[in-house]
There are 2 protein chains.
Amino acid sequence: MSGETEAVNAKMEDLKVGETSQASEQNNAAEDGDKEDVVDPWTVATSSSKGIDYDKLIVRFGSTKIDDALLERFEKITGHKPHHFLRRGIFFSQRDLHLILTRYEAKKPFFLYTGSRGPSSTSMHVGHLIPFIFTKWLQDVFDVPLVIQLTDDEKFLWKDLKAEEANKLAYENAKDIIALGFDVNKTFIFSDMNYIASCPEFYRNMLKVQKCVTYNQVKGIFGFGDSDCIGKISFPAVQASPSFSNSFPAIFGTKKDIPCLIPCAIDQDPYFRMTRDVAPRLGYPKPALIHSTFFPALQGAQTKMSASDPNSSIFLTDTPKQIKTKINKYAFSGGGTSVEEHREKGGNCDVDIAYQYLTFFLEDDDRLAEFKEEYSSGRMLTGEIKKELITILQKMVAEIQERRKTVTSDLLKEFMTPRKLNCQS
Amino acid sequence: MSGETEAVNAKMEDLKVGETSQASEQNNAAEDGDKEDVVDPWTVATSSSKGIDYDKLIVRFGSTKIDDALLERFEKITGHKPHHFLRRGIFFSQRDLHLILTRYEAKKPFFLYTGSRGPSSTSMHVGHLIPFIFTKWLQDVFDVPLVIQLTDDEKFLWKDLKAEEANKLAYENAKDIIALGFDVNKTFIFSDMNYIASCPEFYRNMLKVQKCVTYNQVKGIFGFGDSDCIGKISFPAVQASPSFSNSFPAIFGTKKDIPCLIPCAIDQDPYFRMTRDVAPRLGYPKPALIHSTFFPALQGAQTKMSASDPNSSIFLTDTPKQIKTKINKYAFSGGGTSVEEHREKGGNCDVDIAYQYLTFFLEDDDRLAEFKEEYSSGRMLTGEIKKELITILQKMVAEIQERRKTVTSDLLKEFMTPRKLNCQS
């Protein structure tokens, strides 16, 4: 049967991967050069204290910057002022967002898909919340179905975790996510380990993606090597499959032509570049994307936060006192080395973590502008701007903790049961 | 997170694959030499008209020949005379069969697992029956649970077939298999596409195997290349998983220590060499194996039959007339070129396909010996030995066709529903 195998392979090779090969070539070119940022689903690294150069990243990835014209169109069509994440360039890049707005305008259905590569500890940190906070807002604006994927299988494959532990963590993470206020009538949350083992349509879509993508391609896109396990190598198909509406027969029946919009941090883009290349070959619409910047670690913007270092971030389980201590002790300061120097030269908001976190969590544009002015001028001290952040984070985390207590096992079960969702569109 | 990824990779590399690396090295060595037989799950090729050199294959694969002592032990422990497939060396090689006999003797549980890589056409050919006929006999002898895997996912990945078509074919093949007389109280038949999407325990075992096996390893064992799709690369985990009893919670509950015996053609051994290497690392017993030779094509023993060439074999859908015509027209003859030459020199049973097929389908040892004697001496003509085979195959195929008619959709559904099985052990 080797002849047939070879024929199939030859056919695979003929199907050039457009978006991905372009991006990976640029990626390689960048890596050959000096000190380019590294951004893929497992590594985000830069040598700049200001963090990743996102303008360069957009060019390398081949996505499109979210500009004022798009934000104006968004507001005009939805009647909603863009979220402060959009206004402040935290969600800064997109693919086909215009098409989604056009569908919304024409009252054609679409859905939201987001996910959590999830922490390997039981609790999520505030950085994990960014895509979920934004997705919840999009759900409120668009009133469309939302599917949330918890990749417990991926956690198992990548981490030193047992399958059973990874699966349990998915349920803990689901509670954190529910505590952000998602509407159970419009949201389906699933763990891969459970949902794949309950939905033939999902497994078939996994197989269809797996048949379209070669080892060479995942090597180029994700940097997998020959000593990686075969679970990692085939995993991208699992992350691709929720992009297709017929992966959710309980929600969409047999419809395969409903596109999705995926809010995610830009390090997840490689998965969806691959998905967008594969989709037309399977007769499915390409997923649209809206990308965020990375949430910086307390220690500075050079890296993403790590769930495995408790001092690198604020966790949803932290007490008010822990939040206060961590921020005062670990949050990288852009202020002067002494009060005198700070008063004289002012603080640097571009690298100051307290200020950076405020851009994420302080909604009020005027107050944020005031803090920037006061801190940059040196009138506001590091301790003072940290105090503002501490107050906001203590309140936010406490509220989530309160709401989490109300997440009963019945409610969790309801969110995680495949079912019809009730949305306008 | 690249550090963690690398750490996991390094760990994987440390876990040397014993049986597989040994076998693949020997395989490579063999391929460097001249004109060795090629045997893997997709290719069986030899330049010898007598077919594959099985003695050499045993050495290369590192399995053990089934010898008289083992057959004696089998008869002593089970109280059954070994099946003619065993007596005639059709099932000729094994791994750990002694351990299974010891368990049977000690009344400890084990189960049978076999499968069909299945035809890409709707009907199976008589060559496909060999492992099933033998497995049914083993089931009668041992009275243990039997699981039969139909790899519709594999067919989809390897062939030019739609997922839905491959899944439908699995059900057609299941009817053929049921028509061989399996006991519904002791047998569970499943299609991968359906069962994986219904059993979390199975998917978890797939993931566990996928985490233990690197691309390098499947490259060595199966000869996969960089332009193979990621579905093929991860598929071996799907074929490995039914070897583990906790993949079938409806049958075995949470028990993970019940070993299986796998009857299969020896080209499937690479899958289970891999499985045997992985099993101890997962805390599971290694599957035992019993290997058959290949069923030759009508045209001769150089290759396996091909389901895609209707004249290369006898199909379960063939009419008595088709069977007669195909054997008379296509079955390679070891007889003389003229009646005179045949009478003088006799026929060569080693290459004569009619005689070869009789070794599979004529149970009576005495008659077979008589035919060999008569044909070799030239007293029996090619047309006469073919006539004996035609009669046997017409009867066997007609009986299967009759029984297949009685396979109702209810019965099919029962066989394919995960449930408790009723066996002695």
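Of the set (1) in contact (Cβ under 8 Å) with a residue 12 or more places away in the chain; (2) under 30 Å from residue B:331 (Cβ atoms); (3) within 14 Å of another protein chain (Cβ to nearest Cβ), all apply to residue B:174 but (3). Against the conditions (1) in a helix (DSSP H, G or I); (2) of a type outside the set (Gly, Ala, Ser); (3) assigned by TED's automatic domain parsing to the domain that holds residue B:86, residue B:311 satisfies every one except (3). Scanning segment A:191-220 for residues that are touching a residue at least 40 places away in the same chain (Cβ under 8 Å), open to solvent by less than 10 Å² (accessible area, probe 1.4 Å) and of a type outside the set (D, E, K, R) yields a total of 10.
Checking each residue in segment B:131-160 for being surrounded by fewer than 17 Cβ atoms within 10 Å (Cβ to Cβ) and outside any helix (DSSP H, G or I) picks out B:143, B:160.
Of all residues in segment B:223-281, how many are within 15 Å of residue B:196 (Cα to Cα), hydrophobic (A, V, I, L, M, F, W, C), open to solvent by 10 Å² or more (accessible area, probe 1.4 Å) and in contact with a helix residue (DSSP H, G or I) (Cβ under 6 Å, 6 or more places away or on another chain)? Residues in segment B:223-281 being within 15 Å of residue B:196 (Cα to Cα), hydrophobic (A, V, I, L, M, F, W, C), open to solvent by 10 Å² or more (accessible area, probe 1.4 Å) and in contact with a helix residue (DSSP H, G or I) (Cβ under 6 Å, 6 or more places away or on another chain): 0 in total. Does residue B:327 count as more than 14 Å from every other protein chain (Cβ to nearest Cβ), touching a Phe, Trp or Tyr at 6+ places or on another chain (Cβ under 7 Å) and either among the β-branched types (Val, Ile, Thr) or open to solvent by 20 Å² or more (accessible area, probe 1.4 Å) (or both)? Here the answer is no, as residue B:327 does not meet what is asked. Listed by first and then second residue, the pairs linking a residue in segment B:63-77 that is in the same structural domain as residue B:88 (by TED's automatic domain parsing) to a residue that is of a type in the set (Asp, Glu) and assigned to a helix (DSSP H, G or I), with Cβ atoms under 6 Å apart and 6 or more places separating them unless they lie on different chains, are B:77/B:105.
Please report, ordered by residue number, the strands (runs of 3 or more DSSP E) entirely within segment B:20-107 with at least 3 residues that are at pLDDT 95 or above.
Details: elements: B:38-40, B:43-45, B:91-95.
The strands (runs of 3 or more DSSP E) meeting that bar are B:91-95.
Only one residue in A:59, A:141, A:44, A:38 is in contact with a His (Cβ under 7 Å, 6 or more places away or on another chain) and either among the β-branched types (Val, Ile, Thr) or within 14 Å of chain B (Cβ to nearest Cβ) (or both), so which one is that?
Details: A:59 fails: in contact with a His (Cβ under 7 Å, 6 or more places away or on another chain); A:44 fails: in contact with a His (Cβ under 7 Å, 6 or more places away or on another chain); A:38 fails: in contact with a His (Cβ under 7 Å, 6 or more places away or on another chain).
That would be A:141, the only listed residue that is in contact with a His (Cβ under 7 Å, 6 or more places away or on another chain) and either among the β-branched types (Val, Ile, Thr) or within 14 Å of chain B (Cβ to nearest Cβ) (or both).
Results for (1) open to solvent by 50 Å² or more (accessible area, probe 1.4 Å); (2) in contact (Cβ under 8 Å) with a residue 24 or more places away in the chain, shown as yes or no for each residue.
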{"position": "B:374", "(1), (2)": "yes, no"}
{"position": "B:382", "(1), (2)": "no, yes"}
{"position": "B:391", "(1), (2)": "yes, no"}
{"position": "B:400", "(1), (2)": "no, yes"}
{"position": "B:404", "(1), (2)": "yes, yes"}
{"position": "B:408", "(1), (2)": "yes, no"}
{"position": "B:412", "(1), (2)": "no, yes"}
{"position": "B:415", "(1), (2)": "no, yes"}
{"position": "B:422", "(1), (2)": "yes, yes"}
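The values are calculated or read from the model by the stated rules, or taken from the named source; none is laboratory data. Bear in mind the structure is a predicted one, so any value in this text is a computation, not a measurement. Note that each Cβ is placed from the backbone with ideal geometry, even for glycine, and that neighbours are counted across all protein chains shown. Surface accessibility is based on the protein's heavy atoms, side chains included, excluding ligands, DNA and RNA. Shrake-Rupley method; radii C 1.70, N 1.55, O 1.52, S 1.80 Å.
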